[in-house]
1. Given only helices, namely DSSP H runs of n ≥ 4 each adding -39500 (n - 2.57), what is the per-residue ellipticity at 222 nm of the chain, to the nearest 500 deg cm²/dmol?
2. Give, in nm to one decimal, the length gained when the segment between Q66 and S100 is fully stretched (0.36 nm per residue of separation minus the Cα-Cα distance).
3. Find the relative contact order for the chain and round it to a whole percent, using C-alpha pairs within less than 8 Å whose residues are 6+ positions apart.
4. Which residue, A162, A269, G8, has the largest displacement toward the positive end of the dipole of the chain when charges sit on each Cβ (Lys, Arg +1; Asp, Glu -1)?
5. Hand me the GluC sites (Glu not before Pro) from the range 99-140 located in a DSSP loop with no more than 15 other Cβ atoms within 10 Å, in residue order please.
6. Need the full-extension length gain, D231 to T243, defined as separation in residues times 0.36 nm minus the C-alpha distance. One decimal, nm.
7. In degrees from 0 to 90, rounded to the nearest 10, what is the angle of the helix 434-449 Cα long axis to the longest principal axis of the chain?
8. Considering only protein heavy atoms and a probe of 1.4 Å, how much of the accessible area of the range 1-124 is carbon and sulfur, as a whole percent?
Amino acid sequence: MKSVAIIGAGITGLTAAFYLKRKGVPVTVYEAGGRAGGVIQSIRKAGFLAEFGPNTILETSPKIAQLIRDAGLESRRLNSDPSAEARYVVRYRRPIAMPSSPPGIFASELLSARAKFALLREPFVPRRRAGKEESIADFVVRRLNQEFLDQMIDALVAGIYAGDPYKLSLPQAFPRLKVLEDKYGSLIKGQIFGARERKRSGEISKDRAPKFSFDEGLQVLPDALATQLGDSLKLNTPATKLTQTGDGWSVTTANGEAEFGAVIYCGTAYRLAELNLEAKAALNLSTFSEIRYPPVASVVLGFRRADVAHSCQGFGMLIPKIEGFKILGTIFSSSLFPNRAPTGHLNLTSYIGGARYPDLAGLPPEKLVELTLTDLRALLGVKGKPVFAHCVAYPKAIPQYNVGYGKYRQLLTELESAAPGLFFAGHYRDGVSLGDSIVSGVNIAERVEKLF
Ligand SMILES: Cc1cc2nc3c(=O)[nH]c(=O)nc-3n(C[C@H](O)[C@H](O)[C@H](O)COP(=O)(O)OP(=O)(O)OC[C@H]3O[C@@H](n4cnc5c(N)ncnc54)[C@H](O)[C@@H]3O)c2cc1C
């Protein structure tokens with residue numbers, strides 16, 4: 001039986017490899033770096049568990065929980081503390097709890113009377129029937145108002161994409177919002193009627209999906225999958241060239257060439273552009289270098305509980321640009337999961353950079369800590385020095401599904417038909433969240449398995 005080459009041992013590639021192997025399809029996974037997990041990176045040090053990439057998995061699909069069971073990790077799974085649901089958004093230079101129910105919005109100080117009126121008016125704003133692709137900013141200003149964009153959506157967009165709402169595409173980056181308008185004519189009506197439909201179909205919306213991690217952080221998942229792959233996982237082995245052969249593909253690495261029945265590319269878009277592709281049809285990958293991945297630095301700080309005035313009880317706080325802080329937001333990591341900080345301490349994970357301030361992400365660690373501390377002092381009433389500090393910078397963090405991104409997705413579909421046996425999966429195609437990447441890995445394994 002011919003085997004399958006998987007390029008990239010992030011969560012997408014590992015998930016695809018794990019399921020193919022379970023179905024009896026031989027696999028080889030090539031990973032350019034020295035460890036499995038891609039952007040997932042957890043370390044334990046001095047009693048703190050620092051999570052630099054993703055912090056939680058949102059269980060938006062039954063396929064996610066199934067992977068955890070299949071990988072034998074059910075007993076190590078930690079669901080987030082139900083009392084840590086509160087999310088804060090900064091306004092008037094302080095964190096204000098986001099209302100947990102729609103009526104709560106009207107009592108909240110997060111929005112002015114004018115923005116609350118815009119919300120009441122939203123169901124009567126006519127549906128947009130045609131026209132050029134909108135950014136999320138255009139959409140929000142059209143259906144709600146500028147304040148809603150500046151105060152709420154800008155903060156949410158920083159939290160999900162570390163992105164710029166004026167550039168992110170509504171249909172590509174927030175397809176659900178577009179569907180709500182197309183189908184129900186309004187976001188509010190869509191929330192109400194869509195919830196009933198989701199209940200019927202068993203689908204879970206992002207705001208209601210359970211959030212989880214593992215006792216030793218998210219790294220537990222790629223480590224477990226990598227262990228099950230054994231020798232089939234080749235670390236420090238970047239794939240540099242793909243050549244279409246008589247009945248399959250050959251993959252070139254520094255160790256030479258190897259023949260496969262199929263290849264699944266689960267790397268990043270910018271490294272896809274660097275691959276040398278020799279296919280029977282004339283195909284060009286260089287356009288994928290246009291996809292922007294702004295840099296993000298993760299700054300994990302530990303404090304004595306007594307040195308922080310705010311309760312830090314909740315998921316975390318999001319910060320809109322207009323508030324003038326340098327950090328994009330902070331996750332209250334020690335309130336989400338039990339063992340993220342020693343007793344009597346807090347673990348706070350903040351992010352700097354993104355499309356908002358790309359130049360800041362590359363600052364030296366001391367400077368990143370200083371900027372973060374300045375903001376946390378003002379926002380959370382932090383006193384004194386952190387007892388733990390660790391930073392990791394991702395020079396290319398999250399792909400931006402900006403206006404026009406559809407052409408890249410279209411091209412991937414065309415490449416798959418023009419070059420049979422070559423497949424594409426992962427965060428640059430199927431959604432930027434960890435859950436999206438897991439589902440992408442499961443689905444691509446199902447597609448490829450059918451060929452064998
Ligand atoms: C700072 C940060 C915070 C995040 N927070 C969250 C969060 O809280 N929740 C959430 O759901 N999501 C979050 N995400 C997003 C989520 O982590 C990613 O979308 C997901 O992990 C992507 O997985 P992947 O396997 O598709 O890609 P990656 O993790 O990027 O893995 C791709 C792998 O392919 C390898 N590779 C590339 N080219 C080659 C080649 N030619 N040969 C061999 N190997 C190659 C790379 O070295 C890499 O290891 C965050 C992302 C970042 C960066």
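The values are calculated or read from the model by the stated rules, or taken from the named source; none is laboratory data. None of the values given here were measured: they were computed from a predicted structure. Positions of Cβ are backbone-derived with ideal geometry, glycine not excepted, and every protein chain shown enters the neighbour counts. SASA here: full protein model, heavy atoms, side chains in, ligands and nucleic acids out. Shrake-Rupley method; radii C 1.70, N 1.55, O 1.52, S 1.80 Å.
1. -9000 deg cm²/dmol
2. Numbers: separation 34, 0.36 × 34 = 12.24 nm, distance 2.92 nm.
Length gained, Q66 through S100: 9.3 nm.
3. Values: 917 pairs, mean separation 116.8, N = 452.
Once normalised by length, the contact order is 26 percent.
4. Projecting each Cα onto the dipole axis, the largest value belongs to A162.
5. Values: sites: E109, E133, E134; in loops: E109, E133, E134.
Within the range 99-140, the qualifying GluC sites (Glu not before Pro) (loop, at most 15 other Cβ atoms within 10 Å) are E109, E133.
6. Additional length available on full extension: 2.0 nm.
7. Around 20 degrees separate the two axes.
8. Within the range 1-124, the accessible surface is 58 percent carbon and sulfur.
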